[in-house]
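In what follows, a single structure is set out as structure tokens and then discussed.
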Amino acid sequence: MNTASTIEKKTRRALCAACLRPQQTCICRWVTALPNQTEVLILQHPMEVSNAKGSARLLHLSLTNSRLLVGESFDPVRLQAMLTPERRSVLLYPDTEDASLGLARPQPFDAAWLGEPLRLVVLDGTWRKSRKMLYLNPLLQTLPRLPLRDTPPSHYLIRKAHLPDQLSTLEATVYALAQLENDINHYAPLIDAFDGFVAQQAGYVTKAV
């Protein structure tokens, strides 16, 4: 048998079935199961799946009412089926007009919706990739947007931010849920777990140096 193929198979067998990372760098110890009233749909760019610094998988494993779908351009029928009408879907995204993409200003979020069953749609990718995902999926463009307001500084010290107020996918989603459900304390344990995750990843970088 080819040696390279043998090594590849051994590597595949060594992956954690839950977090999809090598067992020696498994992040399942940081999974913090929390119930969330607002359903969360995470749309993850394919390039983020194997990114060791990515936080979306930890977020998905921790929120009991969440789904994660990988792709860049999603089948409209499948995406529509996930945006079922029993919940109002809102997109976690700035509410500014995307003139550079030729997109119209989205419908603003209405505070009156806070009493309704909601679904938070989250794009997991770099700023450039998330903008492309929005452009390639017209259905997402029709969703009202929820911008974040007055968020604390990011704890995401292992990944370079292009803007001072940029957050990890996990942080942004947690703060959005707290904003929608008016309860920041409920999600504090997940932010604490995220700090542990960040420290673990930073430790690998230190060892490599």
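The values are calculated or read from the model by the stated rules, or taken from the named source; none is laboratory data. The structure presented is a predicted model; accordingly, all values stated were derived computationally and were not measured. Virtual Cβ from ideal backbone geometry, glycine too; neighbours counted across all protein chains shown. Quick note on the areas: whole protein, heavy atoms, side chains included, nothing else; ligands and nucleic acids left out. Shrake-Rupley method; radii C 1.70, N 1.55, O 1.52, S 1.80 Å.
Values for this structure:
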quantity	calculated
The listed residue being of a type outside the set (Asp, Glu) and open to solvent by 60 Å² or more (accessible area, probe 1.4 Å), out of Leu114, Leu139	Leu114
Any hit, the stretch 19-27, residues being of a type in the set (Val, Ile, Thr) and open to solvent by 20 Å² or more (accessible area, probe 1.4 Å)	yes
The stretch 22-35, subset part of a loop (DSSP other than H, G, I, E, B) and either out of contact with any helix residue (DSSP H, G or I) (no Cβ under 8 Å at 6 or more places or on another chain) or at positive phi (or both), residue modelled with the highest pLDDT	Pro35
Residue in the stretch 54-63 that is farther than 11 Å from Leu170 by Cβ and assigned to a loop (DSSP other than H, G, I, E, B) present	no
Conditions (1) assigned to a loop (DSSP other than H, G, I, E, B); (2) open to solvent by 80 Å² or more (accessible area, probe 1.4 Å): number failed by Met47	(1)
Residues (charged (D, E, K, R) and more than 25 Å from Ala52 (Cβ to Cβ)) located in the stretch 113-150	Glu116, Arg119, Arg145, Arg149, Asp150
Tally of residues being modelled with pLDDT of 95 or more and either in contact with a Leu (Cβ under 7 Å, 6 or more places away or on another chain) or buried (at least 20 other Cβ atoms within 10 Å of the Cβ) (or both) across the stretch 50-63	7
Some residue of the stretch 167-185 being at pLDDT 90 or above, of a type outside the set (Gly, Ala, Ser), exposed (fewer than 13 other Cβ atoms within 10 Å of the Cβ) and assigned to a helix (DSSP H, G or I)	yes
The stretch 117-131, residues that are crowded, with 17+ Cβ neighbours inside 10 Å, out of contact with any strand residue (DSSP E or B) (no Cβ under 6 Å at 6 or more places or on another chain) and either of a type outside the set (D, E, K, R) or without any contact (Cβ under 8 Å) to a residue 12 or more places away in the chain (or both)	Gly125
Set Leu91, Leu134: member being open to solvent by less than 50 Å² (accessible area, probe 1.4 Å) and assigned to a helix (DSSP H, G or I)	Leu134
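Residues checked against (1) in a helix (DSSP H, G or I); (2) of a type in the set (Lys, Arg); (3) modelled with pLDDT under 95:
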site: Thr11; (1), (2), (3): yes, no, yes
site: Leu20; (1), (2), (3): no, no, yes
site: Gln37; (1), (2), (3): no, no, no
site: Phe74; (1), (2), (3): no, no, no
